[in-house]
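What follows is a set of notes on a single structure, which appears directly below.
The values are calculated or read from the model by the stated rules, or taken from the named source; none is laboratory data. Keep in mind that what you see is a predicted model, and the values were worked out from it rather than measured. Methodologically, a virtual Cβ is constructed for each residue, glycine included, from the backbone with ideal geometry; neighbour enumeration extends over all protein chains shown. Heads up: the accessible areas ignore ligands, DNA and RNA and are worked out on the full protein's heavy atoms, side chains in. Shrake-Rupley method; radii C 1.70, N 1.55, O 1.52, S 1.80 Å.
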Amino acid sequence: MSDAAHNSLVAHQFDDARQQQEAATVGMWTFLITEIMFFGGLILAYMIYRNQFAESFHAASRVLDVWVGCFNTCVLLVSSLTMALGVRAAQMGDRKKLVLFIIATMIFGAAFLGVKAYEYAEKFEHHLVPGPTFHFHGVPGHEHAPNAEIFFSLYFAMTGVHALHMIVGLGLMTWLLRKSIKGTFSKDYYNPVEICGLYWHFVDIVWIFLYPLLYLIDRS
Amino acid sequence: MSDHSEHHIVPLKVYFLVFSALMILLFVTVGVAMVNLGPFNIYVAMSIAIIKAVLVVLYFMHVRYSTRLTMVVAAAGFIWLVFLLGITILDYTSRSWIPGSYQ
């Protein structure tokens, strides 16, 4: 990409496209660090309460369906793959593939949210949503959980903000889709695709940690 | 390496290999969760999660092919989180060591 220094694809404050791309990438990572801290706070709260109310967390975690969570993790990992392939298509200047991979990423992202909505609906039905109607029955052999409500508060807070990030991600994908259909991106300019890709993968990483923390570690 | 970052197009094979590794690790972590390892379940699950996260960061997020500056910024974020979690957990777990202190 040895294009002339000041063509229209390079904003005037940058020397060249390479510098522009590095600025965008480092800027996005700086934002992602604030996101790491944001989710880190929730994970810390989870760790402290799990330590304090081990028995309740143990029983409450068993109510979640491991296989629904596992399915959703698969869906999200596939969406990350299609996103990575989309960025690659953008790097090669392949507009058609870029559009297809963005659509695929959106479909898998939406599928994740659909499954999440199903899980939430189930929690409402079984009175597992923290509040006046909360009532914990547990699963056979694990009924005693005086502080199960704290587990479910954290469950909804953590998966809720994660789902919110997915919705924002879908918004970004819609914007990318519009731009790629219009032909904004080329081999020489695909920063927005790369940056949105970083965001999408980050949201995937958050789920990589939420899944074992909420669904798995109190299983056996 | 850092001089050619924007030229680097990762081969398809790498993406599919990383994806396969992520899927295998997912099923390993689900499998291990069903086995009672006592206090070690959480360590195994978190180790696998960290390996998965590192794979995503290095390959899907292209940090392995990025400039040194990007690598340092990305690493700093995760290392700082480890400090924050580690120090807080140390505080909570060590409170009971001193009799009569605030629990």
Over the protein assembly as shown, the sum of -39500 (n - 2.57) across DSSP H runs of at least four, divided by residue number and rounded to 500 deg cm²/dmol, gives at 222 nm -24500 deg cm²/dmol
Charge tally for neighbours of A:A117 with beta carbon under 15 Å away, counting Lys, Arg as +1 and Asp, Glu as -1, is -2
Partner aspartates and glutamates whose C-alpha sits under 14 Å from that of A:K96, ignoring same-chain residues fewer than 8 away, are none
Counting only protein heavy atoms with a 1.4 Å probe and every protein chain in place, the carbon and sulfur fraction of the accessible surface of the protein assembly as shown in whole percent equals 68 percent
For the range A:52-158, averaging the sequence separation of alpha carbon pairs under 8 Å that lie six or more residues apart and dividing by its residue count, the contact order in percent is 38 percent
Per the C-alpha gyration tensor (a ≥ b ≥ c, the square roots of its eigenvalues), the protein assembly as shown is rounded if a/c is under 1.5, else prolate if a/b beats b/c, else oblate; here it's prolate
Computed for A with B: buried accessible area summed over both chains, 1.4 Å probe, rounded to 100 Å², at 4500 Å²
Expressed as a whole-number percentage, the relative contact order of chain B with C-alpha contacts under 8 angstrom and at least six residues apart is 30 percent
The long-range amide H neighbours of B:L37, using H built 1.01 Å from N in the peptide plane and a cut-off of under 5 Å, are none
Pairs over 28 Å Cα to Cα, from A:K187/B:K13; B:K13/B:K52; A:K182/B:K52; A:K116/B:K13, come to A:K182/B:K52; A:K116/B:K13
For chain A, the per residue accessible area (1.4 Å probe, Å²) is 42 Å²
Calc'd 3J(HN,Hα), the range A:179-189, phi into Karplus 6.51 cos²θ - 1.76 cosθ + 1.60 (θ = phi - 60°), Hz, glycine/Pro = x, comes to 5, 6, 5, 5, x, 5, 9, 8, 4, 8, 8
Here the range A:196-206 yields Karplus 3J(HN,Hα) values (6.51, -1.76, 1.60; θ = phi - 60°; whole Hz; Gly and Pro given as x) of 5, x, 4, 4, 4, 5, 4, 4, 4, 4, 4
With a ≥ b ≥ c from the Cα gyration tensor eigenvalues, square-rooted, and the rule rounded for a/c under 1.5, otherwise prolate when a/b > b/c and oblate otherwise, chain B is oblate
